[in-house]
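The values are calculated or read from the model by the stated rules, or taken from the named source; none is laboratory data. None of these values were measured; they are calculated from a predicted model. Ideal geometry is used to build each Cβ from the backbone, glycine not excepted, and the neighbour counts take in all protein chains shown. Quick note on the areas: whole protein, heavy atoms, side chains included, nothing else; ligands and nucleic acids left out. Shrake-Rupley method; radii C 1.70, N 1.55, O 1.52, S 1.80 Å.
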Amino acid sequence: MGDCVVCGKPAGWFRNKHDHCDSALSVTVPETSIGALDITPADIFADRSAKMGRSYERETGRIENLVEQVKELKRHQRYADALALLNDEMDLQERDCAAGLGGVAPWYYEQAAIIYRKLDRFDDEIAVLKRYAAQPHAPGVKPPKLLQRLEMARWQALKQAGVNAPKPAFDDKPASKRKTPAIILDPNQEAITDFIALDVETANADSASICSIGLVHFRRGEIFKSLTILVDPRDEFDPMNISIHGITPEMVQGKPDMRTVFPVIAAALQDVVVVHHSHFDKTALTRAAEKYGTEPLPCIWLDTLRVARRAWPEFVEDGGGYGLKRLASTFGIEFRHHDAAEDARAAGLLLQRAQIDSDLGIVDWLRRVEQPIAEAAVAQSGNKTGPLAGEVVVFTGRLNITRSAAAALAAEAGCDVAESVTQRTTLLVVGDQDLRATKGYEKSSKQRKAEALISSGQSIRILGESDFERMARQP
């Protein structure tokens, strides 16, 4: 029986991939220092403004004015004036595109095409649509409706010329409604120590009404940078939401909206692990992306609520739940709840605590959250005739093989395999890269407990994974 080429699990006798893995995207997440966040809020749009040669923060207002002018000119059938404005904007968009500022937006080209059709200038209609097709397109517009319009215009031109060509057919399902491919980490994914913690606040019950984004950069186990972005949600503020986070309409007046903010944070979060607590933040950003016609953020999401349910299953019993406030209080994390940057910081610190308590790194947790909450136990009895019979072993840290494979190796060599360090433990096997708690991480709770027992007189040997493997495989 073969294994699925995407997820590695048994796929059946005649398959090489599961149905749910057909659209999965296998990725390798790079270790990174996120330079785009190494800035102050005052400088967040400076780079884009410099490339554009005008204020990026003022783009939203300028575009809104332009759109209203074009609509007004069309209402009064002043088509020549409308085309003049549209052509100037298309020239500007294409210069921005050449400067490396993303793709062109379709609206201006579409409006020009509509006007040319009203004027029976079909060659000009096809020309402006071809002009659009030749440019890189802004995120969220592929397959763009304008390219479909171009195919239809070409078909109609052939029809008028007497050519019996088949009418084009299109998939009309919106890009924002298509299922996002699952992310499957590459089996050889290296350890990750950097991540961005994120949180959002909204103006009302609509999750797309984002009014604040908090971003906290964790670098090699330490908080390196924190950033709060106030956002104009272009929506009403509910008094209930204001009472929760304290952000008022006056505070976001003149601030950029998500159409302006998305390209900036998307560049910072490309292929980055983004840590958040509960599905709300990811949902809000996905909804805002749909609202403004852009793609969802190109990052790898890790929900600390899902982490917490697996790291501390005992919290279910007391009824306290896995809310951010409860978890932070339990672990002595002080923060101002419903401040976006503070909530993001707390989520990042919770992930670090879960890493210590579970002996799992970020890569391990990215895989673990996709598994059932009740993970299969590795505890088992050892082969009584093996060379290590009588030893009681516990594993901790990031191993080069799976825990189940390590447990099977130990049991075959004669060890009884246990889940936690107790008075019976005689061997603690630590992942080679965690043996000395390098890169600023604390030793795991299992290693600290073993060292405490050793100090009190218990005979426990602590050794690295490679050394244990040599012992276990000895004749």
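The table below gives the values:
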{"read-out": "Candidate set: region 361-371, residues that are in a loop (DSSP other than H, G, I, E, B) and more than 19 Å from GLU419 (Cβ to Cβ); chosen: the one least open to solvent (accessible area, probe 1.4 Å)", "value": "VAL369"}
{"read-out": "Helices (runs of 4 or more DSSP H) within region 35-136 that include 3 or more residues more than 32 Å from the chain's Cα centre (by Cα) and at pLDDT 85 or above", "value": "59-75, 79-98, 107-118, 122-133"}
{"read-out": "Number of positions in region 341-360 that are open to solvent by less than 10 Å² (accessible area, probe 1.4 Å) and at pLDDT below 90", "value": "1"}
{"read-out": "Every residue from region 393-415 that is modelled with pLDDT of 90 or more and surrounded by fewer than 20 Cβ atoms within 10 Å (Cβ to Cβ)", "value": "ALA408, LEU409, GLU412, GLY414"}
{"read-out": "Some residue of region 373-394 being within 27 Å of the chain's Cα centre (by Cα) and either closer than 30 Å to ILE242 by Cβ or not in a loop (DSSP other than H, G, I, E, B) (or both)", "value": "no"}
{"read-out": "Single match in ILE247, ILE242 (criterion: aliphatic (A, V, I, L, M) and either touching a Lys or Arg at 6+ places or on another chain (Cβ under 9 Å) or not in a helix (DSSP H, G or I) (or both))", "value": "ILE247"}
{"read-out": "Top-ranked residue of region 145-177 - restricted to ones that are farther than 18 Å from GLU125 by Cα and either in contact with a strand residue (DSSP E or B) (Cβ under 9 Å, 6 or more places away or on another chain) or modelled with pLDDT of 80 or more (or both), ranked as most open to solvent (accessible area, probe 1.4 Å)", "value": "ASN164"}
{"read-out": "Yes/no for SER209 being surrounded by fewer than 19 Cβ atoms within 10 Å (Cβ to Cβ), among the hydroxyl-bearing types (Ser, Thr, Tyr) and in contact (Cβ under 8 Å) with a residue 24 or more places away in the chain", "value": "no"}
{"read-out": "Any hit, region 282-297, residues being open to solvent by 20 Å² or more (accessible area, probe 1.4 Å) and under 20 Å from HIS337 (Cβ atoms)", "value": "yes"}
{"read-out": "Hits in region 252-281 (condition: surrounded by 19 or more Cβ atoms within 10 Å (Cβ to Cβ) and among the hydroxyl-bearing types (Ser, Thr, Tyr))", "value": "THR260"}
{"read-out": "Scope region 94-125; condition surrounded by fewer than 16 Cβ atoms within 10 Å (Cβ to Cβ) and touching a Phe, Trp or Tyr at 6+ places or on another chain (Cβ under 8 Å); matching residues", "value": "LYS118, LEU119, PHE122"}
{"read-out": "Helices (runs of 4 or more DSSP H) (entirely within region 259-338) containing at least 3 residues that are over 18 Å from the mean Cα position of the chain (by Cα), farther than 22 Å from LYS225 by Cα and free of Cβ contacts under 8 Å to residues at least 24 places away in the same chain", "value": "324-330"}
{"read-out": "When residues of region 227-243 are limited to those that are of a type in the set (A, V, I, L, M) and touching a strand residue (DSSP E or B) at 6+ places or on another chain (Cβ under 8 Å), the one surrounded by the most Cβ atoms within 10 Å (Cβ to Cβ)", "value": "VAL231"}
{"read-out": "Pair list, Cβ under 9 Å, 6 or more apart: region 77-93 residue farther than 28 Å from SER49 by Cα, other residue open to solvent by 50 Å² or more (accessible area, probe 1.4 Å) and outside any helix (DSSP H, G or I)", "value": "TYR79/LEU119"}
{"read-out": "Selection from region 219-234 of residues that are touching an Asp or Glu at 6+ places or on another chain (Cβ under 9 Å) and over 19 Å from LEU350 (Cα atoms)", "value": "THR228, VAL231, ASP232, PRO233, ARG234"}
{"read-out": "Subset of region 76-93 [surrounded by 13 or more Cβ atoms within 10 Å (Cβ to Cβ) and acidic (Asp, Glu)]", "value": "ASP81, GLU89"}
{"read-out": "Long-range neighbours under 6 Å by Cβ, at least six apart or interchain, first residue over 19 Å from CYS299 (Cβ atoms) within region 351-366, second of a type in the set (A, V, I, L, M, F, W, C) and open to solvent by less than 10 Å² (accessible area, probe 1.4 Å)", "value": "ALA354/VAL307"}
